[in-house]
Structures are given as C-alpha cells and as structure tokens.
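Right, one structure below, let's go through it.
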Amino acid sequence: MEKIKIQYLNDEIERLRYIDGKSDWIDLRAAEDVEMKAGEFRLIPLGVAMQLPKGYEAHIVPRSSTFKNFGIIQTNHMGIIDESYCGPNDWFYMAAYALRDTVIHKNDRICQFRIQKHQPEIVFEEVERLEGEDRGGIGSTGVR
C-alpha cells in the first residue's frame, strides 16, 4: 500500500476518505464558500496539497452530480497533477466555469480524484493497415 503525504489548508476541511466503499475514487471538496455568476471562471480551492510517490499522478474530474447540483463544468475536463507538484504551496484546485449563477459552500463535494501510475513507455509501430475486426467507425454501436 502506497503512503501519500497530505497537507490540509486548515482544520475546517473535511479529511479525505473513501465514500461508503462505492468507488476507488475519492471526493474533493470546496475549501471555501464560492459564489459564481453565469459565464464566470474560477479556480476553486480544494484545501489539499499532496506529495505523490515517484511515478504517480492524480487525475481530477467532476463528480457525476456536479453540473446538476452546481451548474459548473471543469474547464480542462480532467486535471492532471504529477509528482513534481508537491511543495507546501502546491494546492489542488478545480478550474470551473459556471453556466448558471451558483453558490458552492465550504466542504461541498465538487470533484473527485484517483491516483494512477504513469503510462509505461511505448513505441508506435507504423503499419499500412490494421488487421483487427472492423466495427464500422465512430458511432457504430447505435443509440440503444
């Protein structure tokens, strides 16, 4: 089991934990109250900084309910934090864009993350034609 050093912004930030054993993703929470108007961009502080083990990175994505509950989308769609982002001022943020006026309260769960190993080194081999079964191109699985 890997150990990850974590720094919390303050004692008001709820500590990270798995939620009810439902997933291996871990929820991240707003570290302060945030009020956003439709069309506004903000870096929402998440109240944590981590020192990831060498060879690992964190992937931050919205929760499935984030848009429904708060009307925000994550502008970079997935935030990637590698192990070099590990200083005492290297806090996690969610880059958010509001599609409607919204209020997010401190400790509201707005995104989630997981820790992944870096992609292994790969080599691309150019070929004239792929030999796998043809599925019919994009959108070939239908609507239902």
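The values are calculated or read from the model by the stated rules, or taken from the named source; none is laboratory data. Quantities reported herein were computed from a predicted structural model and do not represent experimental measurements. Methodologically, a virtual Cβ is constructed for each residue, glycine included, from the backbone with ideal geometry; neighbour enumeration extends over all protein chains shown. What goes into the accessible areas is simple: the full protein's heavy atoms, side chains included, and nothing from ligands, DNA or RNA. Shrake-Rupley method; radii C 1.70, N 1.55, O 1.52, S 1.80 Å.
Quick one: plug the Kirkwood hydrodynamic radius of the range 20-64 (C-alpha pairs) into Stokes-Einstein at 20 °C, 1.002 mPa s, and report D in µm²/s.
It comes out at roughly 160 µm²/s.
Before I look further, what does the chain give for accessible area per residue, probe 1.4 Å, in whole square angstrom?
On a per-residue basis, 72 Å².
In nm, to one decimal, how far is the GLU32 label point from the ASP90 one, both placed 7 Å along Cα→Cβ?
Simple spin-label model gives 2.2 nm for this pair.
Packing-wise, with mean Cβ within 10 Å as the measure, how do 88-101, 39-52 rank, highest first?
Those peptides, ordered most packed to least, come out 39-52, 88-101.
Need one number: nm distance between label points at GLN51 and ASP11, each 7 Å from Cα along Cα→Cβ, rounded to one decimal.
About 2.4 nm separates the two model spin labels.
Could you work out the local net charge near ASN69, counting Lys and Arg as +1, Asp and Glu as -1, over the other residues with Cβ closer than 10 Å to its Cβ?
Once all neighbours under 10 Å are counted, the net charge is +2.
Assuming R0 = 35 Å, what is the FRET efficiency of GLU83 and ASN107, from their Cβ-Cβ distance, to the nearest 0.05?
0.85
Carbon-plus-sulfur fraction of the accessible area of the chain, 1.4 Å probe, in percent?
Answer for the chain is 50 percent, counting heavy atoms of protein chains only.
Label the range 14-144 by shape, choosing from rounded, prolate and oblate, from the square roots a ≥ b ≥ c of the eigenvalues of the Cα gyration tensor; if a/c is under 1.5 it is rounded, and otherwise prolate applies when a/b is larger than b/c, oblate when it is not.
The shape class here is oblate.
Residues with beta-carbon under 15 Å from that of GLN119, excluding GLN119: net charge, scoring Lys, Arg +1 and Asp, Glu -1?
Here the charged neighbours net out to -1.
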